[in-house]
1. For region 168-295, what is the Kirkwood hydrodynamic radius in Å, using each pair of distinct C-alpha atoms?
2. Based on the Cα coordinates of the chain, what is the per residue volume of their convex hull in Å³?
3. Please list the non-local residues whose amide H lies under 5 Å from the amide H of residue 149, H modeled 1.01 Å from N, same-chain partners needing a gap of 5 or more.
4. At 4 °C and 1.567 mPa s, grab the translational diffusion coefficient of region 7-49 from Stokes-Einstein with a Kirkwood Rh over Cα pairs, rounded to a whole number in µm² per second.
5. Take the alpha carbon atoms of region 84-195, find their radius of gyration, then divide it by 2.2 N^0.38 Å using N residues; give the quotient.
6. Under a plain spin-label model, where a point goes 7 Å from the Cα along Cα-to-Cβ, how far apart in nm are residue 160 and residue 99?
7. Report, for region 194-339, the % of DSSP beta bridges that are antiparallel, rounded to 5.
8. Please find, in a Gaussian network model of the chain (springs between Cα atoms separated by less than 10 Å), the residue of 123, 28, 143 whose mean-square fluctuation is greatest.
Amino acid sequence: MSNRPTIADIAKRVGVSPGAVSFALNGRPGVSEQTRARILEVARDMNWRPHRAARALGGAQAGVVGLVLARDPRTLGSEQFYTQILYGMQDVLSARSSAVQMQLVRDTAAEIDLYRLWASEHRVDGVVLVDLQLDDPRIEVVRSLGLPAVTLGQPGEPGLLPSVWADDAEAMTTIVDYLAALDHRRIAHVAGPPIYQHVARRAAALHEQALVRGLRAGESVGTDFSDAQGAAATRALLSRADRPTAIVYDSDLMAAAGLAVALEMGIEVPRALSVVSFDDSVLTRIVHPALTCLSRDTYALGAQVASALLQAIADPSSREAIQTETPRLVVRGSTARPL
């Protein structure tokens, strides 16, 4: 017998045909319950596991879903958002004997190539699309491949794919409400890449709220989400004669970098500058002062994404858009009334 037991090995041990073993292992009729129980017992004793590639080529599910990040790995080192998303997804998937495969790629073109490979080789049963872009090419690609998919974030064209999303505009409005109540009149935004839909929605909401309130605010500075570019953007903003009294950051990593720059420049936080992060993690609590931020249960969000993807795999016609709770503002020591 080979190192990896086969259906033929199980059949020989039980004394039945390989076809009977296949019926039993796949829950199909054609064998008695007594024989089925014996086959399953022997399969467990032999530590038999299905060969996923062979099953996929035979039309069975691969038991794997994909999550691809077209990001510089260095920008993810201290960011816990996707780590918690993965944990939440795997919690749901494990109950279905499935798993999540995450892969980093250099850009969107490489991401699309990977989807084509996965689809052609039946490596995954479905995928989660993240960091949705304006006029995102990936949506039509996965649809044309017949690859079940769920978007994390509101789709650019609602109804094309099922989605799990939160209202980024409402979240930004919550921040502006709070800062305006503290009498901040100059608010800046250190954002991620402006091509991302959620970044664009946040920037538009800040600009709109600034106009409504008559604030000298609303500028968004795009970055690649890295601490280096977050620090550079902060330094440029704080070097102006009319520097902002509050800065909103799209990630906790950039907010922590911005806080360090302010202290380096002798600008006291929060008396001379308030800092707010769109993400909450242990990083926001271990810096000093601790960062005011938007907080949500990212683990639960990952579980919702996995459940939505399993539904899309079971029913490819599914187009449900699940709106999650808007992140809540957690006030800590990095915000106060300006001097």
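What follows is calculated from the coordinates using simple rules that are stated; it is not laboratory data. For clarity, every value in this text was computed on a predicted model and none was experimentally measured. As a convention, Cβ positions derive from the backbone with ideal geometry for all residues, glycine included, and neighbour counts pool all protein chains shown.
1. Numbers: mean 1/r = 0.0711 Å⁻¹.
It is 14.1 Å.
2. Details: hull volume 50.8 nm³, N = 339.
Per residue, the Cα convex hull of the chain comes to 150 Å³.
3. Under 5 Å from the amide H of residue 149 lie the amide H atoms of 127, each far enough along the sequence or on another chain.
4. Details: Rh = 9.8 Å.
Here the translational diffusion coefficient equals 132 µm²/s.
5. On the way: Rg = 17.6 Å, N = 112, 2.2 N^0.38 = 13.2 Å.
That works out to 1.33 for region 84-195.
6. 3.2
7. Numbers: 3 of 9 bridges.
So the antiparallel bridges amount to about 35 percent of the total.
8. Greatest mean-square fluctuation among the candidates belongs to 28.
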